[in-house]
1. Would you tally the residues in the stretch 105-137 being in contact (Cβ under 8 Å) with a residue 40 or more places away in the chain and in a helix (DSSP H, G or I)?
2. Can you list residue pairs whose Cβ atoms sit under 6 Å apart, with the first residue in the stretch 32-44 being not assigned by TED's automatic domain parsing to the domain that holds residue 59 and the second being modelled with pLDDT of 90 or more? Count only pairs 6 or more apart in sequence or on different chains.
3. Hey, residue 200 hits all of (1) in contact (Cβ under 8 Å) with a residue 12 or more places away in the chain; (2) surrounded by fewer than 18 Cβ atoms within 10 Å (Cβ to Cβ); (3) touching a strand residue (DSSP E or B) at 6+ places or on another chain (Cβ under 9 Å) but one; which does it fall short on?
4. Output the number of the condition that residue 79 fails; it satisfies all remaining conditions of (1) touching a residue at least 60 places away in the same chain (Cβ under 8 Å); (2) within 24 Å of residue 251 (Cα to Cα); (3) over 14 Å from the mean Cα position of the chain (by Cα).
5. How about the stretch 138-164: which of its residues are in a helix (DSSP H, G or I) and under 22 Å from the mean Cα position of the chain (by Cα)?
6. Please go through the stretch 231-244 and pick out each residue that is more than 16 Å from residue 84 (Cβ to Cβ) and in contact (Cβ under 8 Å) with a residue 24 or more places away in the chain.
């Protein structure tokens, strides 16, 4: 993963999920003139999510803090995207990326379970398959505590439901990998985010985080060419020499550049 994360997996996905409608509500209600704490307090006080349980509101706000408000610059960039004319599909995929950065379990299920299936030309995954993977990780000591069978079943179920809501999986009882369409504005934004942590242009093309979008190396190169054609970045490749540059060094300014393109 790109950002420092706890080594062990937690079961917080049971309370989290994709939360896309609630997230869009939060972003729509966000006041950029106020601090994160002030916004969170107001959202809690006004109960903009319409939840009957105060504890559920607290759970949601805690999840939002962890996913989207750990770093000031990325938070401001996300708000800029949300308040623009960026499509719902693109915004949802940006939210998906941030969610995977905040939850190592969600991240690794995609990169270590679903991506290998994709590269093997397989697309079906049964709930029992997911349960077996989670149970193996529990046995390997990768979880914060020793999870019961009930917890393993609930975690597996919520993981699959979350990935369905984010558009990675599809289907009701029988889940399968969904056809993945990554808008070029999402690709460019994620590329900028990754570049902040990986200065090498060559390594940027080979970055393992692209697996989160089920992208093969050939697809990644085609996306860089498309983003170059759309003037979202500059991409040059000659043999083993690769150069990727962006029009700004600030992710907030880059988010603004992307939003201007969408007008």
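The values are calculated or read from the model by the stated rules, or taken from the named source; none is laboratory data. Keep in mind the model is a prediction, meaning the values are calculated, not measured. Heads up, the Cβs are rebuilt from the backbone with ideal geometry, glycines too, and the neighbour counts pull from every protein chain shown.
1. 14
2. Correct list of pairs: empty, since none qualify.
3. Of the numbered conditions (1) in contact (Cβ under 8 Å) with a residue 12 or more places away in the chain; (2) surrounded by fewer than 18 Cβ atoms within 10 Å (Cβ to Cβ); (3) touching a strand residue (DSSP E or B) at 6+ places or on another chain (Cβ under 9 Å), the odd one out for residue 200 is (1).
4. Result: residue 79 passes all but (1).
5. Selection gives 154, 155, 156, 157, 158, 159, 160, 161, 162, 163, 164.
6. Taking the stretch 231-244 and keeping what is more than 16 Å from residue 84 (Cβ to Cβ), we get 231, 233-244.
231, 233, 240, 242, 243, 244, listed by residue number.
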